[in-house]
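Asks: The structure follows.
The values are calculated or read from the model by the stated rules, or taken from the named source; none is laboratory data. What you are looking at is a predicted structure, and each value in this text was computed from that prediction instead of being measured. All Cβ positions, glycine included, derive from the backbone under ideal geometry; neighbour counts span all protein chains shown. Calculation scope for accessible area: heavy atoms of the full protein, side chains included, ligands and nucleic acids excluded. Shrake-Rupley method; radii C 1.70, N 1.55, O 1.52, S 1.80 Å.
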Amino acid sequence: MLTEIKEVNDYSDLAVFGSAPAFRETLHVGRPNVGSREQFFERVDRVFDRNWLTNDGPLVKEFEAKIASFLNVRHCIATCSGTIALEIALRSLGLTGEVILPSYTFIATAHALQWQGLTPVFADIDPKTHNIDPNSVRERISERTSAILAVHLWGRGAPYEELQAIACEHNIKLLFDAAHAFGCSLGGRTIGSFGACEVLSFHATKFFNSFEGGAVVTNDDALASEVRLMRNFGFAGLDNVMSVGTNGKMPEVCAAMGLTNFDNIDTVIAANRANYEAYRDGVSSIPGLTLCTYDEAEGNNFQYIVIETDEQFPLSRDEVIQVLHAENVNARRYFWPGCHSMQPYQSMYPNAAQLLPRTVDVANRVVVLPTGTAVSVEQVQQIVAILECIARPENADPIRDRLNKSLSFQFKQTVKPDIRKAS
């Protein structure tokens, strides 16, 4: 961890030139936030005392009730992962044919559709919000379209009213991937109750986690009943199978983690916000870098620190990441290069990039930076100091030359953080 602020007065002070990295331990994007271990183990002890490890146990029911109350929705159905929750939601809605979604999202959004035999159709995004563009959605509507799957990217609400109008006009479903948006709001209304349903992720890399897990949240009683059936093999009672289902249940130990972290959620959001404000204040004075900001009128979890490079910045986006990696700052390229450029969608839509110019542009400019309880404001200030150094035009050529000559600093695809390490 950082013991003191590293002086970065000149490019020669950077780690790519042989200086010691700014951080002895790597700062990750999405390192887990963990609440009270004592409270967690107390809950786990009760799990063992009851000898009830899974199958809709009391901790899962308590977890579902707390989430539903927090989001002000009628139903929360907890699952073993966010991806399984999305697949169950899609199947429970009886969707067929094509579903329109943004390409600028995590690949699981598209894979869930493909896995259920649905055809993903990619729409472009609004370059200001990074969320799906309703005008592009309209252009993708066909006779085979059965739904719109929008994403609340970075926890900033997708354009619900415009999307709902399109859905009503064409008599199709609207649902949301809200994996980024737990604890966020849209128009003063807590995200979770929009559309037919919304899907949450409680994966270890999310700011609020249950080790692994997810949920479908909805105000539709009939849909909630179908989701509950489907996540438990279609069982209604001990031996009465009503429909095709799968094993999507959340185990008790994950609910124990979720309940423990729920008790700590305000502390995590406060740490995220403090880091966000430190990044915002620092990046605002660096030409060529723009921080994606959050609407102060809305609730947010401040989970993602997203900056964009533009033509004014003297280094490319990937060169910025190479410099940061050398300093043990594991910055990421989200969601590069877009789902449309990954398999099997690249083969399905070889010319998709021509229809998604704003997606391609944003994906080539975004850098996601570390935050969370494992990162301090002082460490954020150190990262900003590095960015200020490499933003100086006179430093660009020496840095670029160094990166080009040194094989050790050639860009490699970044890896996911080691989720075995608690913050």
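Asks: Taking only Cα atoms, what is the 0 to 90° angle, nearest 10, from helix 82-92's long axis to the longest principal axis of the chain?
Replies: Value to nearest ten degrees: 40.
Asks: Can you say what percent of the DSSP beta bridges in the chain, counting only those with both residues inside, are antiparallel? Round to 5.
Replies: Antiparallel bridges: around 55 percent, rounded to the nearest 5.
Asks: Shifting gears a bit: Go from 0 up to the bin containing the longest alpha carbon distance in the range 7-144, width 10 Å each, and give me the % of pairs per bin.
Replies: 9, 20, 25, 21, 17, 8, 0
Asks: If I model the range 192-317 as equal point scatterers sitting on the Cα atoms and use the Debye formula, what is log10 I(q)/I(0) at q = 0.12, 0.19, 0.20 Å⁻¹?
Replies: Computed log10 I(q)/I(0) values: -0.68, -1.11, -1.16.
Asks: Place +1 on the Cβ of every Lys and Arg and -1 on the Cβ of every Asp and Glu in the chain, take the dipole about the Cα centre, and give the residue among L86, N219, V366 whose Cα lies farthest towards its positive end.
Replies: Value computed over the given set: L86.
Asks: Now for a separate question. With charges only on Cβ, +1 for K and R and -1 for D and E, what is the dipole size of the range 210-301 about its Cα centre, in debye, rounded to 20?
Replies: 280 debye
Asks: How far is the Cα center of the range 15-34 from the Cα center of the range 168-188, in Å?
Replies: The two parts, judged by their Cα centres, are 35 Å apart.
Asks: Say a site is exposed when it is one of the GluC sites (Glu not before Pro), sits in a DSSP loop, and has at most 13 other Cβ atoms within 10 Å; what is then the longest site-free stretch of the chain?
Replies: Looking at the chain, 144-295 is the longest stretch - no exposed GluC sites (Glu not before Pro) with at most 13 other Cβ atoms within 10 Å.
Asks: May I ask for the longest run of the chain untouched by trypsin sites (Lys or Arg not before Pro) that are loop-located per DSSP and have at most 15 neighbouring C-beta atoms (other than their own) within 10 Å?
Replies: Longest gap between qualifying sites, sites excluded: 145-411.
Asks: Can you tell me the accessible area per residue over the chain, all protein chains present, probe 1.4 angstrom, in square angstrom?
Replies: 42 Å²
Asks: With the dipole of the range 1-92 worked out from charges on the C-beta (+1 for Lys and Arg, -1 for Asp and Glu) around the Cα centre, which of I5, L71, A22 lies farthest toward the positive end?
Replies: Toward the positive end, the furthest listed residue is L71.
Asks: Something else: Output the 0 to 90 degree angle, nearest 10, between the alpha-carbon long axis of helix 377-390 and the longest principal axis computed from the alpha carbons of the chain.
Replies: Helix 377-390 sits roughly 50 degrees off the main axis of the chain.
Asks: Find how many whole Å separate the alpha carbon centroid of the range 327-384 from the alpha carbon centroid of the range 47-114.
Replies: Cα centres, the range 47-114 to the range 327-384: 25 Å.
Asks: Please state the charge dipole magnitude for the chain, taken about the Cα centre, from unit charges on C-beta atoms (+1 on K and R, -1 on D and E), reported in debye and rounded to the nearest 20.
Replies: Dipole of the chain, to the nearest 20 debye: 880 debye.
Asks: Still on this structure, I have one more. For n ≥ 4 DSSP H runs only, could you compute -39500 (n - 2.57) per run for the chain, divide by its residues and tell me the 222 nm figure to the nearest 500?
Replies: After summing the helix terms and dividing by residue count, I get -11000 deg cm²/dmol.
Asks: Further, regarding this structure: Ignoring ligands, DNA and RNA, what percent of the accessible area of the chain is carbon or sulfur (1.4 Å)?
Replies: About 50 percent, which is the carbon plus sulfur part of the accessible surface.
Asks: Can you give the angle from 0 to 90° between the axis of helix 58-71 and the longest principal axis of the chain, with both taken from C-alpha atoms, to the nearest 10?
Replies: Between the helix axis and the principal axis of the chain, the angle is about 70 degrees.
Asks: Along the charge dipole of the range 178-320, pointing to its positive end and built from +1/-1 on Cβ of Lys, Arg, Asp and Glu, which listed residue (T309, V268, T246) has its Cα farthest out?
Replies: Selected residue: T246.
Asks: Treating only the Cβ of Lys, Arg, Asp and Glu as charged (+1, +1, -1, -1), what charge dipole size does the range 41-169 show about its Cα centre? Round to the nearest 20 debye.
Replies: The calculation lands at about 260 debye.
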